[in-house]
Amino acid sequence: VLIFLTPWFIGPQVYDALMFAPSLSTLASEPWRLFGPMLVHFSELHIIFNLLWWLDLGRVIERFQSSFQLLWVTLASAAISNVAQFLDTGPNFGGLSGVVYALLGYLWLYGKVNPAAGYGLRREIVIMMLAWLVICMTGLVGPVANTAHVAGLLSGCLFGAVTGRWRPQQA
């Protein structure tokens, strides 16, 4: 939220520093730019909905698994979705939506492969989020980082399936 407010108080320099790198080679000298776009939001509704979904989905992971689990899923999916979006459209994008879709995919597949855990997502939530993904792809809601959404969802599904299969084998 503080980063969202910085353009009004400090100026656009913070956003400029957090945007994805202008080239992949720049990431070696400015690695924060791999994750920075998840902190950049372009409207009040954008940040509110992203943070509410991250809080709602993330607290399930944090409560039943760990804060570390939420952190690594967040950072790994941010990196994957940001690189995918960069390769599709270039460096001018932002938002936490790729991570939100990763958390959705993570919990969805984790619950499918490990139903004994007892915290799978309700079907209605999955349907509504997938419907929103399709609506965004139509262009009716303006410019959206659709590639980040899809890459986040797919990476989250992979992480959730692998983790769900692995956890029941732990002592």
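The values are calculated or read from the model by the stated rules, or taken from the named source; none is laboratory data. Just so we're clear, the structure is a prediction, and the values are computed from it rather than from any experiment. Every residue, glycine as well, gets a Cβ built from its backbone with ideal geometry; the counts of neighbours run over all protein chains shown. Note: areas computed on protein heavy atoms with side chains; ligands, DNA, RNA excluded. Shrake-Rupley method; radii C 1.70, N 1.55, O 1.52, S 1.80 Å.
Overview of results
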quantity	calculated
C-alpha long axis of helix 44-64 to longest principal axis of the chain, angle in °	30
Descending semi-axes in whole angstrom, ellipsoid equivalent of the chain, from the Cα gyration tensor	28, 18, 15
Residue-normalised accessible area of region 73-113, expressed per residue, 1.4 Å probe, Å²	29
Calculated P(r) of region 25-110 - Cα pairs past 20 Å, %	34
Estimated FRET transfer efficiency (Arg123, Trp32; beta-carbon r; R0 41 Å; 0.05)	0.65
Accessible surface of region 1-142, 1.4 Å probe, proportion on carbon and sulfur as whole %	69
√(5λ) per eigenvalue of the Cα gyration tensor, region 110-171, largest first, Å	29, 13, 5
Residue order for Tyr119, Tyr101 - accessible surface, 1.4 angstrom probe, largest first	Tyr119, Tyr101
Value at 222 nm in deg cm²/dmol, rounded to 500, when DSSP H runs of n ≥ 4 in the chain each add -39,500 (n - 2.57)	-21500 deg cm²/dmol
Computed magnitude of the charge dipole of the chain (debye, nearest 20; Cβ of K, R +1, Cβ of D, E -1)	600
Sorted largest first, extent of region 96-145 alpha carbons per principal axis (Å)	40, 19, 12
